[in-house]
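What follows is calculated from the coordinates using simple rules that are stated; it is not laboratory data. On a predicted model such as this, the values are computed, not experimentally measured, just so you know. Don't worry about glycine lacking a Cβ; one is built from the backbone with ideal geometry, like all the others, and counts go over all protein chains shown.
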Amino acid sequence: MPGLSQKYESRKWNLSFFIPENWKTADFPDKEWFPEGMTVENGSLWTLLTDSEKHLELLWEKTDENISPALFDKFLGKIVAESMIAPDSSRITDIQMVSLKEEKGYYLGCGTYKYKQYLRDTFLIYDYSFKGIFWREKNEHTFYLPL
């Protein structure tokens, strides 16, 4: 099959299929979805790129402020501002919060952003989504945003 040159075969799950050369398939043993574990009749696999580009942002700041939606937004703004000085002329813009909820002492935010990359005298614009986690330990805030 064109473009699907690698065969995934599982004797355990009694199935096989073809995937692109640079992809990998593995069990997705999520306890919430499959509390009793995966079976031949009930389970899930995930197939992902092995060479995709991943970008992580991790910010710390010492302060006495409590975590809040406003402080979450402040950290998002710092990521956008700091991305403007990237040496390869790429940057994060148009970051939008879609949802923000508090869970067990931390905030979990989801949203979208545009990633602009300068290449050959023009900007390429890519649309992405994100999920960020924001928490506080003692007097230090931590903001983790895998982009």
Worksheet item: Which of the lysines could be linked to LYS114 by a straight reach, that is with a Cα gap under 21 Å, when you skip same-chain ones fewer than 8 residues away?
Response: LYS54, LYS74, LYS78, LYS131
Worksheet item: Under a point spin-label approximation (7 Å from Cα along Cα-to-Cβ), what is the VAL98-ASN22 distance to one decimal in nm?
Response: 2.5
Practice prompt. State, to one decimal in nm, how far the label point of LYS78 lies from the label point of ASP64, with both points 7 Å from Cα in the Cβ direction.
Written response: 1.9
Discussion item. Neighbour counts of other C-beta atoms within 10 Å: give me ILE92, ILE67 arranged from fewest to most.
Written reply: ILE67, ILE92
Worksheet item: Using the 10 angstrom Cβ neighbour count as an exposure proxy, how do THR39, THR112 rank, fewest first?
Response: THR39, THR112
Worksheet item: What Rg and what Dmax come out for region 6-49 when only alpha-carbon atoms are used, in angstroms?
Response: 11.3, 33
Discussion item. Using Cβ contacts closer than 10 Å as the measure, can you line up SER99, SER90 from fewest to most?
Written reply: SER99, SER90
Fill in: Calculated FRET value between ASN14 and LEU48, using beta carbons and R₀ = 30 Å, to 0.05
0.85
